[in-house]
Structures are given as structure tokens and as C-alpha cells.
Amino acid sequence: MTQSPTKSTSALSLADLPGPDTPIRRLHHPGRWLSGIAVILLLAVIGRAFAVGQIQWPVVGEFLTARVIITGFGWTLLISACALVLGVVLGFAFGIMRHSENPVLRFAAWLYVWIFRGTPVLLQLLIWFNIALVFPRLYIPGLVDERMVDVVTPFVAAVLGLGVNEGSYLTEVVRGGIGSVDHGQKEAAHTLGMTPGQTMRRIILPQTLQLILPVLGNSAIGMLKFSSLAATIAMGEMLNAAQRIYFINGAVIELLFVCAIWYLAGTTVLSIGQYYLERYFGRDTAATTSNRHWFKGWARRPAVEGEA
């Protein structure tokens with residue numbers, strides 16, 4: 001016959017519990033010490049290699065604030081911002097099309113994602129840069145009649161290549177964000193007499209934006225780095241400017257370190273901005289969660305005599 005849990009618990013006396021004079025034995029973690037020492041040694045080896053290597057650090061400091069580098073970094077920021085805006089617009093447009101009841105729109109959105117997400121971004125940049133070989137002129141009756149080579153400059157090709165490629169990834173992100181919104185909210189909006197467009201604009205898209213905001217922050221950081229690919233189509237951004245300099249003075253690694261410092265500075269600022277944006281848009285969620293916990297605690301408290 002098994003002993004009941006209450007009897008086994010009551011069999012323990014106060015004398016069986018450890019007293020205040022019982023020595024405390026701390027757990028040993030040799031793995032933490034070994035891994036920490038290994039990391040410190042690795043960092044020391046890397047630091048020594050950079051210190052004694054053939055790197056002219058005064059040249060790094062000299063070109064860090066050079067006018068041509070600053071101008072190139074400005075073009076880098078401009079390309080990144082324009083491409084990101086284009087990618088977000090295309091991502092939301094095609095993401096909504098993926099949920100359309102029109103099969104033609106759904107197929108067009110799928111085809112867009114399939115083509116531009118399935119080919120390398122560098123290849124797309126080169127195609128956009130040489131698009132004049134396919135479409136010699138840009139002709140819109142009554143509006144535009146120009147040579148394509150004059151319209152698609154290196155800057156336009158960089159923005160189109162990076163933005164259209166980014167839009168294909170954001171399309172799937174937006175599609176997933178829209179699909180994660182509770183279907184009951186859509187039905188409630190329709191019950192209130194909202195049209196599908198009003199439901200999408202007022203109910204679904206605000207929640208989708210809050211859900212995918214971390215992904216948009218990562219897209220902005222990635223876009224800043226991917227903008228360096230524009231150097232392959234003779235766009236005068238920062239990496240291209242650095243290449244033109246070290247082709248003359250031979251300070252290759254020094255100019256590359258200059259670019260690395262500026263890229264790190266830009267991504268750091270974007271990461272800080274992403275943190276505060278997520279904190280701002282997530283305040284409503286945090287408030288709702290805290291209120292929910294308060295109600296749970298209020299429901300568990302014992303009822304006071306005379307309380308309704």
C-alpha cells in the first residue's frame with residue numbers, strides 16, 4: 001500500500017532542514033572560465049595582429065574625414081534610404097496582393113517574389129544598369145520620351161536593383177504579418193459595416209506594421225551594407241570612392257578600414273533608432289499585458305466581506 005503524499009510530507013521535521021550554520025557550497029563552472037580565457041586569448045592574438053601588421057593607421061585617420069569619403073558616405077545613405085522606401089512600398093503592395101481574392105493579382109505577386117528573390121542582387125544590379133539593351137527608350141505617350149541610358153543612371157540602377165530585391169523579401173514578411181492578425185477582427189470590422197479596404201487600412205495594416213517593425217529595422221541595416229554593391233556599376237558611393245583612392249596611393253587596407261568604420265557608425269545609429277521605434281510602438285502592447293496581469297491578480301484575491 002502506497003503512502004499518501006500528505007503523510008510523507010508531514011514526516012519531515014524541522015530538525016531535518018539545514019540550519020543557519022550549514023556551509024554553502026557554490027557550484028563550480030570550469031567551462032565558463034575556460035571559454036572566457038579562450039576568448040580573451042583569441043582577442044589578444046587578433047589585436048596584436050592588427051597592431052604589428054602592415055597597416056598605416058595615420059593614413060586611416062587622415063582619410064576618415066576626407067571630403068571624397070564623406071561625400072561617398074552621403075551617397076551611400078541616399079541610396080539606402082531611397083531603396084528602402086521603394087522596398088517597403090513594393091513589399092506592402094505585393095504583400096496585400098498575396099491576400100487578394102483576385103487570382104491574377106495573387107499570381108503576379110507570387111511571380112514577382114519568385115523572380116527577384118530567386119536571383120542574386122548583384123546580378124539584378126547589373127541587369128538594371130544595362131536595361132537599355134532591352135528597352136532602348138522610355139516612352140510614355142504625352143509624358144516621357146527619353147533614351148533609357150539617360151534615365152537609368154548608376155544611381156537609379158542602384159536604387160531599383162536594391163529596392164526591388166528588398167521588396168521581394170518584404171512581400172513575404174508583410175504576407176506573414178497580415179496572416180497573423182486574428183481573423184475575428186476582420187469579421188468584426190465587416191459586421192460594423194467596414195469595406196475590405198477600410199478593414200485593411202484601419203485594422204490590419206497598423207497591427208501588421210507593429211509586428212514586422214523589427215524586420216524593417218534589420219532591412220534598413222542590411223540595406224546600408226548592401227549599398228556597397230553599387231560600386232560594381234560605377235556609382236560614386238563610399239566604397240567606390242575608396243577604391244579610386246587606393247588605386248592611386250596603394251593604401252588598400254587603410255581605405256577599407258575607413259569604410260568599415262563609417263559603415264559601423266551608420267549601422268550603430270540605425271540599431272539605436274530601431275530600439276527606440278520598437279519601444280515606442282510596443283508601449284500599447286506592454287500596457288495591455290500589464291493590465292491583463294493586474295486583472296488576473298485582482299481575480300485571484302479573496303473577496304472582501306460586503307464587496308459586490
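Side notes on the structure shown:
- Selected from GLY222, GLY118, GLY31 as most flexible by GNM, with the chain as the system and alpha-carbon contacts under 10 Å: GLY31
- Calculated [222 nm] ellipticity per residue, helices only, for the chain: -23500 deg cm²/dmol; basis is -39500 (n - 2.57) per DSSP H run with n ≥ 4, divided by all residues, nearest 500.
- Solvent accessible area, Å² - LYS186, 1.4 Å probe, full protein context: 40
- Across the stretch 148-246 the C-alpha pair distances fall into 10 Å bins from zero in the proportions 14, 30, 23, 18, 11, 4, 0 percent.
- In Å², nearest 10: area of THR65 left accessible to a 1.4 Å probe: 100
- Dipole axis of the stretch 92-222 (+1 Lys, Arg; -1 Asp, Glu on Cβ), positive-most option in PRO154, ALA109, HIS99: HIS99
- Residue among GLY193, GLY87, GLY163 with the largest mean-square fluctuation in a Gaussian network model of the chain, springs linking Cα atoms under 10 Å: GLY193
- Heavy-atom accessible surface of the chain, averaged per residue, reaches 67 Å², computed with a 1.4 Å probe.
- Sorting SER80, SER180 by solvent-accessible area of protein heavy atoms yields SER180, SER80, largest first, with a 1.4 Å probe.
- Quotient of the Cα radius of gyration of the stretch 75-231 and 2.2 N^0.38 Å, N being its number of residues: 1.18.
- Structural descriptor for the stretch 66-184: relative contact order 42 percent, calculated from alpha carbon pairs under 8 angstrom and at least 6 residues apart.
- Long-range amide H partners of MET235 with built H, under 5 Å: none
- Percent accessible area from carbon and sulfur atoms, the chain, protein chains only, probe 1.4 Å: 68
- A Gaussian network model of the chain, with springs between Cα atoms under 10 Å, assigns the largest mean-square fluctuation among HIS29, HIS99, HIS190 to HIS29.
- Each residue was assigned an accessible area with a 1.4 Å probe, and for LEU105 the value is about 70 Å².
- Top positive-direction residue, dipole computed over the stretch 182-267 with Cβ charges, set ALA242, ALA230, MET194: MET194
- The loop-placed GluC sites (Glu not before Pro) in the stretch 142-203, going by DSSP, include none that has at most 12 neighbouring Cβ atoms within 10 Å of its Cβ.
- Helices that extend 27 Å or more along their long axis by alpha-carbon positions and average at least -0.5 on the Kyte-Doolittle scale are, among the DSSP H runs of the chain, 30-52, 67-98, 154-180, 205-226, 252-281.
- Per-q log10 I(q)/I(0), the stretch 205-281, q = 0.16, 0.19 Å⁻¹ (Debye; single scatterer per alpha-carbon; no solvent): -0.67, -0.81
- Measuring nothing but how far apart in sequence close Cα pairs (under 8 Å, 6+ apart) lie, relative to its length, the chain scores a relative contact order of 23 percent.
- Residues whose amide H falls under 5 Å from that of ARG137, counting only those 5 or more places apart or on a different chain, are MET148, with hydrogens built in the peptide plane.
- Rg and Dmax over the alpha-carbon atoms of the chain stand at 29.7, 97 Å.
- Magnitude of the charge dipole, the chain, Cβ model with Lys/Arg +1 and Asp/Glu -1, debye to 20: 520
The values are calculated or read from the model by the stated rules, or taken from the named source; none is laboratory data. The shown structure was predicted, so the numbers you read here are calculated from the model rather than taken from an experiment. Because the Cβ atoms are built from the backbone with ideal geometry, glycine has one as well, and the counts that use them run over all protein chains shown. Side chains are part of the model used for accessible areas, which takes the heavy atoms of the whole protein and leaves out ligands, DNA and RNA. Shrake-Rupley method; radii C 1.70, N 1.55, O 1.52, S 1.80 Å.
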